[in-house]
Every structure is written in structure tokens, then in C-alpha cells.
Amino acid sequence: MRPLLVLLTSLALAGCADSDSPEAQVRGVIAAIETAAEARDVGDVMAHVSSQFTDSYGRDGRQLAQYVRGYFITNQSIHLLSRIDGIELPTQDEARVKVTVGMLGRDAADAWDLAAEIREIDVTLMREDGQWRVTYARWARLR
């Protein structure tokens, strides 16, 4: 389940697009999700997730919120290193993002108990009421 958090938290800014373009808007949302995750703020993370969210395993947004909350309790420190590998805009209101994410989490009980992983993540965002929100996610562990 850790990939869900990686998905929502690790999509970072990259490139130089017009600040009003859909691509720049999507990059801004991704950066906001990453910032919220590193701050361990469930509400701010979930503000960018659609009520229609599902992942490749069929989990919904409610299940995702429960997972994120539990992950933040377990990992008192979260650090992300992200690279956007591509953004496609098949329509004006849909974005498909490919990202590679390195994540390091630390348990509060033991300063040396670290968990690290690298994931390749595919994310779909849709513009809902003028706001880009994550509607779908699929991931694979790289190492």
C-alpha cells in the first residue's frame, strides 16, 4: 500500500512551462501534493484527490485517506525525490503523468529505522470544477 502514498506525495515540479498552461497547472498540483505529504498533512494531500479516485487494485479515495493517515502515523519523517518522466494532455481536462519517485520514511521510535523505495508511477488527473485532481493511479516497484 505504500505505493499509494508515493503516488500522491512524490510528483515533483520539473521543466519550464507557461504558468497558465494546463501542464504548468498539473505540475503545481503535483508539487502541492508532495509538499503536503512531506508535511504529513492528510487533509492537504486528499484535497487533490478526486471523489472518483480509484487505483489499479480498485481502492477508492476513502481507503486511500485511511492508508495515508496510517502511513503518516507510522513514519514521522518523510522525504521525497521525484522526477516527472512525462506529461500527456489527451484532452484539455485530462492529464497523464509518469513519474519516478524515491521515498525515505523514518519511524519516530527509532531514528535509524529507515524505509526506502523507488517507484514508477502512472497518474491520471482530471479537471473538476476548475481544479486538477488525481482520479487514477498505477505503480510498480523499481528496486
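The values are calculated or read from the model by the stated rules, or taken from the named source; none is laboratory data. This one's a predicted model, so the numbers in the text were calculated from it and none came from an experiment. All Cβ positions, even for glycine, are placed from backbone atoms using ideal geometry, and neighbour counts span all protein chains on display.
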### Query
Quick check, is A31 within 15 Å of the chain's Cα centre (by Cα) and under 20 Å from D122 (Cβ atoms)?
yes
#### Entry: Subset tally (residues that are in contact with a helix residue (DSSP H, G or I) (Cβ under 7 Å, 6 or more places away or on another chain) and farther than 23 Å from A95 by Cβ) for segment 37-66
2
### Message
Which numbered condition in (1) more than 20 Å from R127 (Cα to Cα); (2) surrounded by 15 or more Cβ atoms within 10 Å (Cβ to Cβ); (3) of a type outside the set (A, V, I, L, M, F, W, C); (4) at pLDDT 95 or above is the only one that G61 fails?
### Response
(1)
### Task
Consider T74 carefully, then state whether it is in contact with a Gly (Cβ under 9 Å, 6 or more places away or on another chain) and modelled with pLDDT under 90.
yes
### Selected residue (criterion: surrounded by the most Cβ atoms within 10 Å (Cβ to Cβ)) from residues of segment 37-54 that are in contact (Cβ under 8 Å) with a residue 40 or more places away in the chain and among the small types (G, A, S)
A37
## Note on the structure
The one condition L8 fails out of (1) within 15 Å of W132 (Cα to Cα); (2) surrounded by 20 or more Cβ atoms within 10 Å (Cβ to Cβ); (3) modelled with pLDDT of 90 or more is (3)
## Note on the structure
Residue count, segment 68-99, condition buried (at least 16 other Cβ atoms within 10 Å of the Cβ), outside any strand (DSSP E or B) and of a type outside the set (A, V, I, L, M, F, W, C), comes to 2
